[in-house]
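The values are calculated or read from the model by the stated rules, or taken from the named source; none is laboratory data. Every value quoted in this text rests on a predicted model; they were computed, and no experiment measured them. Neighbour counts are summed over all protein chains in view; Cβ atoms, including those assigned to glycine, are modelled from backbone coordinates with ideal geometry. Just the protein is used for accessible areas: all its heavy atoms, side chains included, with ligands, DNA and RNA removed. Shrake-Rupley method; radii C 1.70, N 1.55, O 1.52, S 1.80 Å.
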Amino acid sequence: MPDTSKPQPHQPLDLVWGAANIGKVINRTPRQAWEALHKGELPARQVNRKWVASRRKLVEFFEEVAQ
């Protein structure tokens, strides 16, 4: 178990903002990405009505699906 009493080094977030950009990451059209996001099929959420996803979580999601 990691020691949480010591400060951890800051790691920048690799976020992808917007359905169109998420679509580029997963090789889908903006409309296809929006529909998958709207249906809750992708690991993402809305912040101020704009979709956002972690690039790492998207990659991990599709690597897991492919197995």
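In segment 48-64 there is at least one residue that is out of contact with any Lys or Arg (no Cβ under 7 Å at 6 or more places or on another chain) and modelled with pLDDT under 85. Scanning segment 28-67 for residues that are in a helix (DSSP H, G or I), more than 14 Å from G18 (Cβ to Cβ) and charged (D, E, K, R) yields E35, R56, K57, E60, E63, E64. Contact map, segment 22-49: first residue open to solvent by 50 Å² or more (accessible area, probe 1.4 Å), second residue aromatic (F, W, Y), Cβ cut-off under 8 Å, separation 6 or more or different chains; pairs are W34/W51; R45/W51.
Just to be sure I understand, how many residues within segment 50-67 are of a type in the set (A, V, I, L, M, F, W, C) and either in contact (Cβ under 8 Å) with a residue 40 or more places away in the chain or exposed (fewer than 10 other Cβ atoms within 10 Å of the Cβ) (or both)? Even if it seems obvious, please write down each step before you answer.
Taking segment 50-67 as the starting set, the residues that turn out to be of a type in the set (A, V, I, L, M, F, W, C) are 51-53, 58-59, 61-62, 65-66.
Add one more test, that the residue is either in contact (Cβ under 8 Å) with a residue 40 or more places away in the chain or exposed (fewer than 10 other Cβ atoms within 10 Å of the Cβ) (or both), and what stays is 58, 65-66.
Residues flagged as of a type in the set (A, V, I, L, M, F, W, C) and either in contact (Cβ under 8 Å) with a residue 40 or more places away in the chain or exposed (fewer than 10 other Cβ atoms within 10 Å of the Cβ) (or both) within segment 50-67 amount to 3.
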